[in-house]
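Here is the structure we will look at.
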Amino acid sequence: MSDSSEVFNELPDTVLRGIRDLGWADPMPVQARVIPLMRSGKDLIVKAITGSGKTGAFGIPIVCELDPDLAKCQALVMAPTRELANQVCGELEALGQHKGIRCVPIYGGVGYAQQLEGIEAGAHVIVGTPGRVLDHLGSGRLDFDHVRTLVVDEADELLSLGFWPDMREINSYLPKSRQSCLFSATIPEKVRSLSRVFLNDPEFVSMEDGHDSPQAIEHFFVVTTAQEKDATLVRILEDEDPESAIIFCNTKDDVRFVTSYLQRRGFDADQISGDLSQSAREAAMKRIKEGSLKFLVATDVAARGIDISDLTHVFSYSAPQSPEVYVHRTGRTGRAGKAGVAISLVSGLDIGNFRYLQQVNKIQIAERAIPTEASVLEKLRERLTVKVEQEVRGMPERDRKAMFERFIPVVEGLMRSPEGMRDLAAICSFYVQEHKPQTTVPPEAVDESEQARPSRPKGGGRPRGRGRSRGGSGGRSRRS
């Protein structure tokens, strides 16, 4: 690898002038690592967070290799959102301005005219979201016959929005002989699946010290209050959108509460605990093994012996009671050579024990911020848009327009009243989550041996010592 200070000096003068115009004096660490590797033609998986300089890391090699005299798309950058597509496109144009490079952002939610003009003008680089890119490909307005470089940017975010089927279809339009590079802040199983389809013998580059290969399990923790754990869990689930997960609780009361809480908010959740009959436990296990259940809530004891190789996430709603328990929990994902993500919700009283288990298990667990309400709502909006795009892509544009215009007055009428707005919200909720009506576990599913036990507190079975009454005082458990 070239010395960091020499990386920019080895670039063509036309590209170097663009770099200086942007005010970049020296390469950032990810640029120093990635630029020489990309210029050598290697396929790469790069683990780097937003804001680390990764756009320059892949943008500079792309611009270096482009032929400005060939008025065809020679590089494709896939991005999860229109905002990122615009940002990346602007940076690539700035880097290539002295070389005469043209870049066009392509994404849904806007008209086609400007995008078509850019394509017909001979854009050298396309930066786009999968849905609209496929739209142009399917209509014959765009071709990738001359693409030599593919970059998948923020792959974990892109796949969390439901673009996996679209990405596989885009791959069928790309030349097999090309360079492919994938950038992601985390490397869960979805991202590994993408890398296996798109990349050939990739080299892994991590900007975390001591990691020279993808980790089988990504470990994170989120600090929250005991009172806000339920709401925090929901926000993380909406942000992550796991394909399948186990949510661990320390008590059967917590298992019942969390399952009910998630079901009431439209999540496909079920539970296993010592309170359930054997048939009910087996039914829940069968569903998650078949992939027809998304979230299984369980105690550590009830989860013993579970062997499910396709779990993408493990959540600790309650802090593990020992370092060994943490290892057993997180070992439920990352099996059979697949990757997984383990996220622990840690309240203030648990911080000390959580640090201790890291020391004993000799692992470093990174802290994550709780996703903001604004970021979660934006992801829900994007997922809804993606699903709509996928549904209507095969429909002729004229038929699409006629169908939509028929319902515009209906939507406008619903938006005029609070009741109508709630109806629209319900439609969106059912559509984006593919919601199936759920009820909490029926009484007949409870093991008969439980009938002789002392009755549980009413009001959702809140366990003791959680900082609020078992009835969920303050309306916390009734939040929408």
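The table below gives the values:
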item: Residue match in region 92-103 (condition: within 21 Å of ARG168 (Cβ to Cβ) and in a loop (DSSP other than H, G, I, E, B)); result: no
item: In region 147-175, the residues that are more than 17 Å from the chain's Cα centre (by Cα) and free of Cβ contacts under 8 Å to residues at least 60 places away in the same chain; result: GLU169, ASN171, SER172, TYR173, PRO175
item: Residue within region 186-195 that is of a type in the set (A, V, I, L, M, F, W, C) and at pLDDT 85 or above present; result: yes
item: Pick from region 349-386, criterion charged (D, E, K, R), within 18 Å of the chain's Cα centre (by Cα) and surrounded by fewer than 16 Cβ atoms within 10 Å (Cβ to Cβ), ranking: nearest to THR232 (Cα to Cα); result: GLU373
item: Subset of region 104-137 [of a type in the set (A, V, I, L, M, F, W, C), part of a helix (DSSP H, G or I) and over 21 Å from GLY162 (Cβ atoms)]; result: ALA113, LEU116, ILE119
item: Test: residue in region 387-396 that is touching a residue at least 24 places away in the same chain (Cβ under 8 Å), of a type outside the set (Asp, Glu) and either in the same structural domain as ASP166 (by TED's automatic domain parsing) or outside any loop (DSSP other than H, G, I, E, B) (or both); result: yes
item: Any hit, region 146-157, residues being at pLDDT below 95 and of a type in the set (Lys, Arg); result: no
item: Enumeration of residues in region 68-78 that are surrounded by fewer than 24 Cβ atoms within 10 Å (Cβ to Cβ) and in contact (Cβ under 8 Å) with a residue 24 or more places away in the chain; result: PRO68, LEU70, ALA71, LYS72, CYS73, GLN74
item: Any hit, region 406-427, residues being outside any loop (DSSP other than H, G, I, E, B), exposed (fewer than 15 other Cβ atoms within 10 Å of the Cβ) and at pLDDT below 75; result: no
item: So GLU367, is it assigned by TED's automatic domain parsing to the domain that holds ASP270 and at pLDDT 85 or above; result: yes
item: Enumeration of residues in region 344-384 that are in a loop (DSSP other than H, G, I, E, B) and either polar (S, T, N, Q) or within 25 Å of ILE427 (Cβ to Cβ) (or both); result: SER347, GLN364, PRO371, THR372
item: For TYR107: the one exception among (1) closer than 12 Å to VAL151 by Cβ; (2) without any contact (Cβ under 8 Å) to a residue 60 or more places away in the chain; (3) among the hydroxyl-bearing types (Ser, Thr, Tyr); result: (1)
item: Members of region 31-54 that are touching a strand residue (DSSP E or B) at 6+ places or on another chain (Cβ under 9 Å) and either of a type outside the set (Lys, Arg) or over 15 Å from ARG178 (Cα atoms) (or both); result: ARG33, VAL34, LEU37, MET38, GLY41, ASP43, LEU44, ILE45, VAL46, LYS47, ALA48, LYS54
item: Residue check for LEU293: assigned to a loop (DSSP other than H, G, I, E, B) and at pLDDT 85 or above; result: yes
item: Qualifying helices (runs of 4 or more DSSP H) (wholly inside region 1-67; at least 2 residues being within 30 Å of the chain's Cα centre (by Cα)); result: 29-39, 54-65
item: Residues (under 23 Å from GLY162 (Cβ atoms) and in contact with a helix residue (DSSP H, G or I) (Cβ under 8 Å, 6 or more places away or on another chain)) located in region 412-428; result: LEU424, CYS428
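Here's the yes/no breakdown for (1) among the small types (Gly, Ala, Ser); (2) on the phi < 0 side of the Ramachandran plot:
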{"residue": "GLU83", "(1), (2)": "no, yes"}
{"residue": "LEU92", "(1), (2)": "no, yes"}
{"residue": "GLY100", "(1), (2)": "yes, no"}
{"residue": "GLY138", "(1), (2)": "yes, yes"}
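The values are calculated or read from the model by the stated rules, or taken from the named source; none is laboratory data. Remember, predicted model here, so these are calculated numbers, not experimental data. Don't worry about glycine lacking a Cβ; one is built from the backbone with ideal geometry, like all the others, and counts go over all protein chains shown.
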